[in-house]
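What follows draws every value from the coordinates through simple rules; no lab data is involved. Please read these numbers as outputs of a predicted model, since none were measured by experiment. Positions of Cβ are generated from backbone atoms using ideal geometry, with glycine treated the same way; all protein chains shown enter the neighbour counts.
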Amino acid sequence: MSNDANHHRQLIYAKGEMSDLIRSLDDQATPLGPMSTWPAELLNALNLMLDSGFPMFIWWGPELLQFYNDAYRVILGSGSNSKHPDLLGGPGEDHWQEIWPNIWPLINKVLTTGESVYLEDQLLPIYRDGKLDEVYWTFSYNPIRNANGKPEGILVVCTETTRLNRSQRENAEQREFLLNMSDQLRLFSDPEAMETRALDIIAGHLNADRFGFAKTLIKGEFFLIERDHHRNGVKPLKGAFPAKQFGTDIFETLLSGQIVMYEDVRNEARLSEQHRRSFTELRIEAIINIPLFKNGKLSAVFFAHYEQPHHFTIEEQVRIKQVAGLAWDAVLTARAEQELRLSELRYRTLFESIDEAFMVIEFSFADDGTAENYRFLVTNPAFEKQTGLKDVVGKTILEIMPDIEPTWIRTYGKVATTGEALRFEEYNEGTGGWYDVYAVAVGKDTNQVVVVFHDITQRKMEEQRKNDFLSMTSHELKTPLTAVTGYLHILKKRVTSDDPKVPDMFERTIKQIGRMTGIINGFLNIAQLEAGQLRIDRTDFDIVELVKQAVQEAVATVSSHHFSFEPTGPIYVSADLEKIDQVIENLISNAVKYSPTDSRIKLTCWSDGSTVKISVIDEGQGIDKADQDLIFGRFYRAVDDQLTSASGFGIGLYICKEIIDCHGGQIGVDSEPGKGSTFWFTLPVAG
Ligand code: ADP
């Protein structure tokens, strides 16, 4: 070691690589000459700098000779192309040409004005290890003054903020990418075209060989790939792939929201040999699967395949997840919108083309809460056709029909307030027509009602004509029949014949005519029922007595069956005697019709004090459960025509039910096929 070096050692005190290097600088290495001649300000600044762990350097003198400490040397990099160590002691401009135009004005300012400069996060790209690096800096240029206060050099305290900036920049880039992608996808309304476009866009952002969205089928048994994006030369994948083939519990893991990824399939300990083969056969060496959820449900899996092992950094995973999630959301939204458009179209078509009139009305209410008026919000073409009313939308019903029957407003108003749907048939004087109406409230508390209706005036008129005809013919038929019966009774008494069969033949003829009268009465009843005119003439009578007489009558006229009835004490009801008699006779004659010859038919009459129950129990063919409710309907016959030749129109039980209903009673049947039937009805006991 030279004397100089020893001498220098006394001028520079700090430890470290840069201190050593500066101490050992040759006397000729800088225009400053031997260190012993260096100005005290410079030496002071050098000592301060070299003692600091914070990156610092000095520019000194008119040449701006540069000295720096260990921390700064790290920033310069250490490759063979590094500015270090040539930079040490050399003129700044020679070494910093790439940024000189940017920094020279700052340096000049400090040297001429003596004001320091402080800047944050400045991008100053420098050559580092042979390549231009985007380096961000936060730094302060501070003047080093001589005894007269004039700046002779600059102490620079600086730190590199590149890392911080890079992640911020990447975040910003990702945000911009995502925004850009949603902007582009927004232009698509067809979800499939959108999915394809989304994959194209992602391709510019993702370094994978193949990727796309897979759907899960049959509760995760299969992954379905309908389309993928693949690099040139990479085989496309399409079809359904059994999930189990690619790992155990892969679907369950995805379902739990976790990413499934293998960075190096061939060396993946979690995969069995067979699973590994499934991947490598498809040339997949690395894979990432990201579950995508919608409304808490697994909706798709984003997959990316790599033909080489691939390390997924956390940042990359997050990025893929964000991009895939956003794209898939857009696709789902497009799908939902398409679905909505389609269903709107379907409804619109239906709405425009059905011949049911349709309207949406909105109510206004009086202070006491009663519906006062309603305004038309929507109507369809059939509305105009059926009502003859034009351009009603926006107007109120009272503007259009000032004297509409108040029941209409009240009825619809009730639907609006109670929310209960209504179906009814009603005559409207304003339009002179009958309507079949269905009214239902729109949601809750909207005061709006949807009404669907159609004109049934035609049908009503036909029904009326048919009823008129039915009751007229029945009436016309009854008169001659009554006469015939009368004459037959007289003839029976007057005719004397040796033939012993003659009285029996009279008896049978009278009975058949009686049946005919019964049938005609039935038709008359129906006509009355249809016209809503079934009249009940109530008297108080003993129903036990009535049943007793009916049984006696049956015993006298029907020899094919055995009747039994054990009368109890009297039970009084307030009812239409003739009609109740008709019900009992009907049930007895059905029991006879639908049970075999020689079987027993038993009647019972039983009361709990408030109601009385009359039952007719037969040993006949019985009735299927499915038929039991239906047989009380109009013209319904459960008869298997093969099984029985019993004649009838299927109106007997219908009339019985109407009669019992009018009395506030109930009628029904308990039966099992093959085991007979018990027909019963109840009536309130007279109070
Ligand atoms: P009809 O006897 O004229 O067909 P009803 O209205 O009296 O009409 O009866 C309706 C249907 O109910 C009958 O066709 C028959 O299938 C069934 N039914 C009525 N009574 C009985 C019964 N006692 N046993 C079995 N089936 C019966």
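Values computed for the structure shown
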read-out	value
Relative contact order for the chain, counting Cα pairs under 8 Å that sit 6 or more residues apart, in percent	5
Links that overshoot a 19 Å alpha carbon limit, given the list Lys109/Lys150; Lys602/Lys625; Lys579/Lys657; Lys593/Lys613	Lys602/Lys625; Lys593/Lys613
Exposure proxy ranking, count of Cβ atoms within 10 Å, fewest first, for Lys131, Lys548	Lys131, Lys548
Cβ-Cβ FRET estimate between Ala40 and Ser80, R0 fixed at 30 Å, reported to 0.05	0.25
More than 25 Å apart - percent of Cα-Cα pairs taken over segment 308-453	45
Two-decimal log10 I(q)/I(0) for the chain, as the Debye equation yields it once each C-alpha is a single scatterer, q = 0.08 Å⁻¹	-0.94
Unit charges at the beta carbon, dipole of the chain: most positive-side option, Phe453, Gly674, Ser610	Gly674
Likely footprinting exposure, Ile520, Ile287, fewest C-beta neighbours within 10 Å first	Ile520, Ile287
Exposure proxy order (Cβ contacts within 10 Å, fewest to most) of Thr482, Thr604	Thr482, Thr604
Viscosity 0.890 mPa s, temperature 25 °C, Stokes-Einstein D of segment 473-574 from Kirkwood C-alpha radius, µm²/s	146
Residues Ser574 and Thr496, FRET efficiency given R0 of 51 Å [Cβ-Cβ distance, rounded to 0.05]	0.60
With Cα atoms, 0 to 90° folded angle of helix 543-557 axis to the chain main axis	60
Degrees, to the nearest 10: 314-353 long Cα axis against longest axis of the chain	30
Candidate lysines - alpha carbon under 28 Å from Lys321, same-chain residues fewer than 8 apart omitted	Lys215, Lys219, Lys235, Lys238, Lys244, Lys294, Lys297
Segments 393-403, 563-573, 83-93 sorted - mean Cβ within 10 Å per residue, highest first	83-93, 563-573, 393-403
Among 178-185, 524-531, the order from most to least packed when residues are scored by Cβ within 10 Å on average	524-531, 178-185
Burial ranking of peptide ranges 448-461, 225-238 (average Cβ count within 10 Å, highest at the top)	448-461, 225-238
Computed over segment 1-151, Cα set: Rg, Dmax in Å	15.4, 45
Check: segment 1-110 dipole with +1 on Lys, Arg Cβ and -1 on Asp, Glu Cβ, in debye	260
Rounded to whole Hz, the Karplus (6.51, -1.76, 1.60) HN-Hα couplings of segment 237-253, x for glycine and proline	10, 8, x, 9, 10, x, 4, 4, 5, 10, x, 7, 6, 4, 5, 4, 4
